[in-house]
Amino acid sequence: MLKFAERRLQQAGLDEHTTEVVLKSVPSLALKVLGFGGTFVFNVLLARYMGAKGVGIVAIGIQIYTFAQIFARLGTNSIVMKRVAAGLATENPLMAEQAMSAGLRWTLLGSAITAGIVVLLATPLAHRVYAEPDLRGLLWLFALALTPFSLFVTINHGVKALRRTWQATGLNEAFRSTVRISGLLILVAIGLPITPISVGWIFVVAAVAALGVNLSYWLHQPEGFALKLSASSGDRQVLRESLPLVLVSSMFLLISSTDTIMLGWLVSAEEAGVYYISARVALLTSFVIHVVNSIVAPKFSQLYARNELAQLQRMGKSVTLLLSASAVPILLVFLAFPAQILSLFGSEFADGAATLRVLALGQFVNLSFGSVGYLLIMSGNERIMRDITIGGALVNIVANYFLIVQLGAFGAALASAGTLLTMRLAIYIAVRKRLGFWLLGSMPLRDP
């Protein structure tokens, strides 16, 4: 069956690398759908049991927690993925093993420091900035989850680099969604209330469980990888490569979380809750890119390491076109029935219909540019990515502030979608300047 599918895809004009991406995406896509479906159900349950204000408090906490994760990992997860993939491509398994060990050591240090900072900031954020006392306890629990979650993410990136993509997806979204939904259902079954604190405990359990299964999977790989806690000579090199990505990743997360955080501050937790649900639903427009990125990122690194730029160009173009086509049906549904979809979460969430339309269009634009960000990073252009992302984050903060003051949640959606479009155009042009080709059209590849 796989051989037949491979022949048909190649007859359709896809190169061998893109064909591999498509075939490997099928099981990963199924698990990703399961994971996103689980997250959707989890958010529906939260909304139904907690209402807009409760969801808003949890949403603000999640955005702060997610932002803290970037500093906790010190950017090592992307470097681990790049180095593990490069080690396998050059038949150097020791390089992969050392990269993972170094990444985990730096993550352990970074997460411990970041967790302490979150604990210290929890009280002023909860009482002075948001005036929501429940936020303090939630942030304390997120600080507890920070180290196991950060370690899990680093290991999971290593699994992706081994080209065990569907396994990595299953050990990530699908597993965590299952644990979170199970936690909520258990609370409901035994009659305990669904509060920000109980949700925080669910996140702690999910983080610890995810770390356990991912670590076990990594240690039982046929390559026989080991983990060494003692420092090695390559640790500083991993940190030097990863630190520019801390800024890049933090700016990307700042861009994706500024809207919810500022809505909670400038308007109310209720408004942030309605917006957060709209934003989570809009992500379904582009969820396929998360599957594809986990497959193409190691391929980009391998092709660039072997200087196969022509293959890199063909693969990048094909993936971009496939991604754009995949999002059209979901986008049309969101544009046609936004209020009906949001009503699944409760009648008060239907007010986010216009917001959902704007955010869905923004995610479609994001998808239409393909995996340009990963292509730039995996080809050694992390600093360019950093500069573009810093500029985008600053524009996003200013735009969100002024548009939220004037238009509320709809203004936040306009600011976020506009920033996403501007950044994607800048990254797209940077790929052309640094690698010599466009990911759309038929521009010739320059001579290397």
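The values are calculated or read from the model by the stated rules, or taken from the named source; none is laboratory data. Quick caveat, the model's predicted, so the values are computed rather than measured. All Cβ positions, even for glycine, are placed from backbone atoms using ideal geometry, and neighbour counts span all protein chains on display.
With the condition being in contact with a helix residue (DSSP H, G or I) (Cβ under 9 Å, 6 or more places away or on another chain) and farther than 30 Å from Val41 by Cβ, I'd like the helices (runs of 4 or more DSSP H) fully within segment 333-420 carrying at least 2 qualifying residues.
372-378, 382-407
Each row is one residue, and each column tells you yes or no for (1) touching a Pro at 6+ places or on another chain (Cβ under 9 Å); (2) among the hydrophobic types (A, V, I, L, M, F, W, C); (3) modelled with pLDDT of 90 or more.
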| position | (1), (2), (3) |
| --- | --- |
| Gly158 | no, no, no |
| Arg164 | no, no, no |
| Ser177 | no, no, no |
| Gly183 | no, no, yes |
| Ile186 | no, yes, yes |
| Gly200 | no, no, yes |
| Leu211 | yes, yes, yes |
| Gln221 | no, no, no |
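Could you list all residues from segment 248-262 that are crowded, with 23+ Cβ neighbours inside 10 Å, over 23 Å from Phe410 (Cβ atoms) and not aliphatic (A, V, I, L, M)?
Answer for segment 248-262, where residues must be crowded, with 23+ Cβ neighbours inside 10 Å, over 23 Å from Phe410 (Cβ atoms) and not aliphatic (A, V, I, L, M): just Ser249.
Which one is surrounded by the fewest Cβ atoms within 10 Å (Cβ to Cβ) among residues in segment 400-428 that are over 19 Å from Ile277 (Cβ atoms) and touching a Leu at 6+ places or on another chain (Cβ under 8 Å)?
Here the answer is Val405.
Name the residues in segment 307-320 that are surrounded by fewer than 16 Cβ atoms within 10 Å (Cβ to Cβ) and either modelled with pLDDT of 70 or more or in a helix (DSSP H, G or I) (or both), would you?
Ala310
For every residue, the table says whether it meets (1) outside any helix (DSSP H, G or I); (2) among the charged types (D, E, K, R); (3) modelled with pLDDT of 90 or more.
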site: Leu9; (1), (2), (3): no, no, no
site: Glu20; (1), (2), (3): no, yes, no
site: Asn43; (1), (2), (3): no, no, yes
site: Gly54; (1), (2), (3): no, no, yes
site: Gln69; (1), (2), (3): no, no, no
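Assess whether Arg386 counts as being basic (Lys, Arg) and surrounded by 17 or more Cβ atoms within 10 Å (Cβ to Cβ).
yes
Could you check, for segment 99-122, whether at least one of its residues is without any contact (Cβ under 8 Å) to a residue 40 or more places away in the chain, touching a helix residue (DSSP H, G or I) at 6+ places or on another chain (Cβ under 9 Å), more than 16 Å from Phe71 (Cβ to Cβ) and not small (Gly, Ala, Ser)?
No, the conditions are met nowhere in segment 99-122.
If I go through segment 97-139 residue by residue, how many of them are in a helix (DSSP H, G or I), acidic (Asp, Glu) and closer than 18 Å to Gly200 by Cβ?
1
Name every residue in segment 82-109 that is at pLDDT below 70 and either in contact with a Phe, Trp or Tyr (Cβ under 9 Å, 6 or more places away or on another chain) or within 18 Å of Asn214 (Cα to Cα) (or both), in order of residue number.
Within segment 82-109, just Pro93 meets the criteria.
State which residue is nearest to the chain's Cα centre (by Cα) when the search covers only segment 107-118 and only residues that are surrounded by 22 or more Cβ atoms within 10 Å (Cβ to Cβ) and farther than 15 Å from Leu139 by Cα.
Here the answer is Thr107.
Looking for something at pLDDT 85 or above, over 25 Å from Pro244 (Cα atoms), buried (at least 17 other Cβ atoms within 10 Å of the Cβ) and among the basic types (Lys, Arg) - is there at least one such residue anywhere in segment 357-372?
Within segment 357-372, one or more residues are at pLDDT 85 or above, over 25 Å from Pro244 (Cα atoms), buried (at least 17 other Cβ atoms within 10 Å of the Cβ) and among the basic types (Lys, Arg).
Name the pairs: first residue in segment 243-272 and under 16 Å from Ser416 (Cβ atoms) and in contact (Cβ under 8 Å) with a residue 24 or more places away in the chain, second residue of a type in the set (Asp, Glu) and buried (at least 19 other Cβ atoms within 10 Å of the Cβ), Cβ to Cβ under 9 Å, at least 6 apart or on different chains?
Sorted first by the residue in segment 243-272, then by its partner, the pairs are Leu263/Glu271; Gly264/Glu132; Gly264/Glu271; Ala272/Asp259.
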